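Read the structure below first, then the notes.
The values are calculated or read from the model by the stated rules, or taken from the named source; none is laboratory data. What you are looking at is a predicted structure, and each value in this text was computed from that prediction instead of being measured. Virtual Cβ from ideal backbone geometry, glycine too; neighbours counted across all protein chains shown. Heavy atoms of the whole protein, side chains included, go into the accessibility calculation; ligands, DNA and RNA do not. Shrake-Rupley method; radii C 1.70, N 1.55, O 1.52, S 1.80 Å.
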Amino acid sequence: MVERKFDAVVFDLDGTLLDTIEDLQQSVNKVMKELDLLGFTIDEIKRMVGLGVDILIRQVIDKRQIDDDLFDWVKNRYLWYYRSSSKNLTKPYLGIVKLLEDLEKNKIKMAVLSNKPDPETKEVVNHYFPNIAFSCVIGKKA
């Protein structure tokens, strides 16, 4: 028998457990279409995500030379699109569900910590991993 070296694992959500990049891209590009601007490729979006929505929107504004006064509008439109379509193309990465099930079988505690807002983090985890008993799921709180 192999000695267990850890008792718990903490996962990030977007880009770790879930492949969300296509829904993120579509949401950004819908805002760009409203502004009659060129959208972004998957690779461009991949380079802009990971540090939270404000950083993503800041980069979008800078790269498309959008007036800074529109920051809140762009962010709110992006969030509206993302909330309304965030489960269209998002999916767990290949092998993630099995990994989580194996960790659970081996009595390894699991948690999710995300920079996505807390209510959305809980909703998304429950949607994609309804049969996994996470010890703790926490998202960004105000």
* Structure fact -> Long-range amide H partners of Val112, meaning residues 5 or more apart or on another chain whose placed amide H is closer than 5 Å, are Phe11, Cys136, Val137, Ile138
* Structure fact -> Longest principal axis of the chain (C-alpha) makes with the long axis of helix 71-85 (C-alpha) an angle, in degrees to the nearest 10, of 50
* Asked: Between the helical axis of 21-34 and the dominant principal axis of the chain, each derived from Cα atoms, what acute angle in degrees is found, rounded to the nearest 10?
  -> 20
* Asked: On the accessible surface of the chain, probed at 1.4 Å, how many percent belong to carbon and sulfur atoms?
  -> 54
* Asked: Considering only protein heavy atoms, what is the solvent-accessible area of Glu101 at a probe of 1.4 Å, reported in Å² to the nearest 10?
  -> 80
* To do: Using just the helices of the chain, give the 222 nm mean residue ellipticity in deg cm²/dmol: DSSP H runs with n ≥ 4 each add -39,500 (n - 2.57), and the total is spread over all residues, rounded to 500.
  => -14500 deg cm²/dmol
* 29 Å Cα-Cα threshold exceeded, pairs from Lys75/Lys105; Lys46/Lys107; Lys63/Lys98; Lys30/Lys109; Lys87/Lys109 -> Lys75/Lys105; Lys46/Lys107; Lys63/Lys98; Lys30/Lys109
* By how many nm would the segment from His127 to Val9 lengthen if fully extended, with 0.36 nm per residue of separation less the alpha-carbon distance? -> 40.5 nm
* Quick one: length gained pulling Asn88 to Lys105 fully straight, 0.36 nm per residue minus the C-alpha distance? -> 3.1 nm
* Structure fact -> Stretched fully, the stretch from Phe71 through Leu51 gains (0.36 nm per residue minus C-alpha distance, one decimal, in nm) 5.5 nm
* Structure fact -> To the nearest Å², the heavy-atom accessible area per residue of the chain with 1.4 Å probe amounts to 63
* Asked: Pairing the Cα long axis of helix 118-128 with the longest principal axis of the chain, what angle in degrees results, from 0 to 90 and rounded to the nearest 10?
  -> 60
* Asked: Got a sec? Charge dipole of the chain, +1 on Cβ for Lys and Arg, -1 for Asp and Glu; which of Phe40, Ser85, Asn126 is way out at the positive end?
  -> Asn126
* To do: Count the net charge of all other residues whose Cβ sits under 14 Å from the Cβ of Gln65, scoring Lys and Arg as +1 and Asp and Glu as -1.
  => -2
* Structure-derived P(r) over Cα pairs in 10 Å bins from 0, in percent: which label, when the choices are (1) 10, 34, 36, 19, 1; (2) 12, 36, 31, 16, 5, 0; (3) 11, 39, 28, 15, 6, 1, 0 -> (3)
